[in-house]
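J.: The structure is given below, and queries will be raised subsequently.
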Amino acid sequence: MGVSPKIAPSMVSSDFANLAAEAKRMIDLGANWLHMDIMVGHFVPNLTIGAPVIQSLRKHTDAYLDCHLMVTNPMDYVQHMATAGASGFTFHVEVAKENWQELVSKIKSAGMRPGVALKPGTPVEHVYPLVEGTSPVEMVLVMTVEPGFGGQKFMPDMMDKVRALRDKYPSLDIQVDGGLGPLAIDAAAAAGANCIVAGSSVFGAPEPGDVISLLRTTVEKAQPTWALRE
Ligand SMILES: O=C(CO)[C@@H](O)[C@H](O)COP(=O)(O)O
């Protein structure tokens, strides 16, 4: 199995006034990626950060900045995010429509890694063409809450999507995001997720490093079972 666990604290749960220090703390505690939620008041009813904050953070870290764009017009943000120093650019399939190939090419040409996300109500089949295209995405993000806010409850029904993706694409990065922590990780890892986003469970823990390492070891233990199931 070629996919390694990638644990990505969701920085929307961090202290934004101390973002550089929070980012360093997470990487020092064993995080692989930093998950950056870009919300601009449409597509989701919340506002967080944009390219200027990514640019500021980039001056303080060389970590992989895994950017999830909850926007209706992802194409408009590709160059801004690349210039700011984003590493991954994940857009939503619900807004990608027929121009997704151009969007993926643009993301790659700008030097970022493309991913596609789907909301809880979106059938998993909608992302298959983007994984199988001539210029495919490199990660699928299965939302396990309605996007927009941290601290919501994990939706176990979404694991059918993760299982379907893992059975179809053994070496694809499959990310889950929303309500992940010590209680939900067993289900997510067993289904086949290897990229784990966790906000409140990490930042709210007395020992965030213990949560990061539990998330990682649970994925590592589940990995050998993925190829064995019927
Ligand atoms: O993108 C989102 C929500 O839209 C997530 O990244 C959450 O911010 C994760 O937070 P928790 O559910 O882990 O608290």
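J.: Quick one: which residue in Leu19, Leu65, Leu29 is surrounded by fewer than 20 Cβ atoms within 10 Å (Cβ to Cβ), touching a Leu at 6+ places or on another chain (Cβ under 7 Å) and at pLDDT 95 or above? Steps first, please.
T.: Values: Leu65 fails: surrounded by fewer than 20 Cβ atoms within 10 Å (Cβ to Cβ); Leu29 fails: touching a Leu at 6+ places or on another chain (Cβ under 7 Å).
The conditions single out Leu19.
J.: Among the residues of segment 26-77, what is the count of those that are under 20 Å from Gly199 (Cα atoms), more than 11 Å from the ligand (Cβ to nearest atom) and of a type in the set (Ser, Thr, Tyr)?
T.: Count: 2.
J.: Turning to a different aspect of this structure: Against the condition within 16 Å of the ligand (Cβ to nearest atom) and more than 19 Å from Trp33 (Cα to Cα), how does Gln152 come out, does it pass? Full working, then the answer.
T.: Working: within 16 Å of the ligand (Cβ to nearest atom): yes; more than 19 Å from Trp33 (Cα to Cα): yes.
Yes.
J.: Something else now. Can you find a residue that is touching a residue at least 24 places away in the same chain (Cβ under 8 Å) and of a type in the set (Asp, Glu) anywhere in segment 144-151?
T.: Applying the first criterion (touching a residue at least 24 places away in the same chain (Cβ under 8 Å)) to segment 144-151 yields 144-151.
Imposing the further condition that a residue be of a type in the set (Asp, Glu) reduces the set to 146.
Scanning segment 144-151 turns up at least one residue that is touching a residue at least 24 places away in the same chain (Cβ under 8 Å) and of a type in the set (Asp, Glu).
J.: Kindly indicate whether Pro206 is surrounded by fewer than 23 Cβ atoms within 10 Å (Cβ to Cβ), closer than 21 Å to Asp66 by Cβ, modelled with pLDDT of 95 or more and not β-branched (Val, Ile, Thr). Lay out the reasoning, then the answer.
T.: On the way: surrounded by fewer than 23 Cβ atoms within 10 Å (Cβ to Cβ): yes; closer than 21 Å to Asp66 by Cβ: no; modelled with pLDDT of 95 or more: yes; not β-branched (Val, Ile, Thr): yes.
So Pro206 does not fit the description; no.
J.: Give all pairs with beta carbons closer than 6 Å in which a residue from segment 196-211 that is more than 9 Å from Ser14 (Cα to Cα) meets a residue that is part of a loop (DSSP other than H, G, I, E, B) and within 6 Å of the ligand (Cβ to nearest atom); count only pairs at least 6 apart in sequence or on separate chains.
T.: The qualifying pairs are Ile196/Leu180; Ala198/Leu180.
J.: Still on this structure, please answer the following. Of (1) away from the ligand (no atom under 13 Å from the Cβ); (2) within 13 Å of the chain's Cα centre (by Cα), Thr225 satisfies all except one. Which?
T.: With (1) away from the ligand (no atom under 13 Å from the Cβ); (2) within 13 Å of the chain's Cα centre (by Cα) applied to Thr225, the lone miss is (2).
J.: Condition first: within 14 Å of the ligand (Cβ to nearest atom), farther than 18 Å from Ser56 by Cβ and of a type in the set (A, V, I, L, M). Now tell me which residues in segment 1-25 satisfy that.
T.: Scanning segment 1-25 gives Ile7, Ala8.
J.: Being among the basic types (Lys, Arg) and either in contact (Cβ under 8 Å) with a residue 60 or more places away in the chain or out of contact with any Asp or Glu (no Cβ under 9 Å at 6 or more places or on another chain) (or both) is the requirement here; does Lys119 meet it?
T.: Values: among the basic types (Lys, Arg): yes; either in contact (Cβ under 8 Å) with a residue 60 or more places away in the chain or out of contact with any Asp or Glu (no Cβ under 9 Å at 6 or more places or on another chain) (or both): no.
Here the answer is no, as Lys119 does not meet what is asked.
J.: Further question on the same structure: Would you confirm whether or not segment 217-227 contains a residue that is outside any helix (DSSP H, G or I) and at pLDDT below 95? First the steps, then the outcome.
T.: Filtering segment 217-227 for residues outside any helix (DSSP H, G or I) gives 227.
Add one more test, that the residue is at pLDDT below 95, and what stays is 227.
For segment 217-227, residues outside any helix (DSSP H, G or I) and at pLDDT below 95: present.
J.: Taking segment 172-195 as the search range and keeping residues that are among the charged types (D, E, K, R) and in contact with a Cys (Cβ under 9 Å, 6 or more places away or on another chain), which one is farthest from the ligand (Cβ to nearest atom)?
T.: Asp173
J.: Looking at this structure, is Glu98 without any contact (Cβ under 8 Å) to a residue 12 or more places away in the chain, loosely packed, with under 15 Cβ neighbours inside 10 Å and charged (D, E, K, R)?
T.: Details: without any contact (Cβ under 8 Å) to a residue 12 or more places away in the chain: yes; loosely packed, with under 15 Cβ neighbours inside 10 Å: yes; charged (D, E, K, R): yes.
It is true that Glu98 is without any contact (Cβ under 8 Å) to a residue 12 or more places away in the chain, loosely packed, with under 15 Cβ neighbours inside 10 Å and charged (D, E, K, R).
J.: Under the condition of being more than 11 Å from the ligand (Cβ to nearest atom) and not hydroxyl-bearing (Ser, Thr, Tyr), which residue from segment 133-149 is farthest from Val197 (Cα to Cα)?
T.: In the first step, residues of segment 133-149 are kept if they are more than 11 Å from the ligand (Cβ to nearest atom); the result is 133-140, 142.
Checking which are not hydroxyl-bearing (Ser, Thr, Tyr) leaves us with 133, 136-140, 142.
Values: Gly133: 26, Pro136: 22, Val137: 18, Glu138: 16, Met139: 13, Val140: 13, Val142: 11 Å.
So, considering only residues that are more than 11 Å from the ligand (Cβ to nearest atom) and not hydroxyl-bearing (Ser, Thr, Tyr), the one farthest from Val197 (Cα to Cα) is Gly133.
J.: Could you tell me whether Gly199 is under 17 Å from the mean Cα position of the chain (by Cα) and either surrounded by fewer than 17 Cβ atoms within 10 Å (Cβ to Cβ) or within 16 Å of the ligand (Cβ to nearest atom) (or both)?
T.: Taking the combined requirement at face value, the residue satisfies it.
The values are calculated or read from the model by the stated rules, or taken from the named source; none is laboratory data. Treat the numbers as computed from the prediction; the structure is a model and nothing was measured. Glycine gets a Cβ as well: all are built from the backbone with ideal geometry, and neighbour counts include every protein chain shown.
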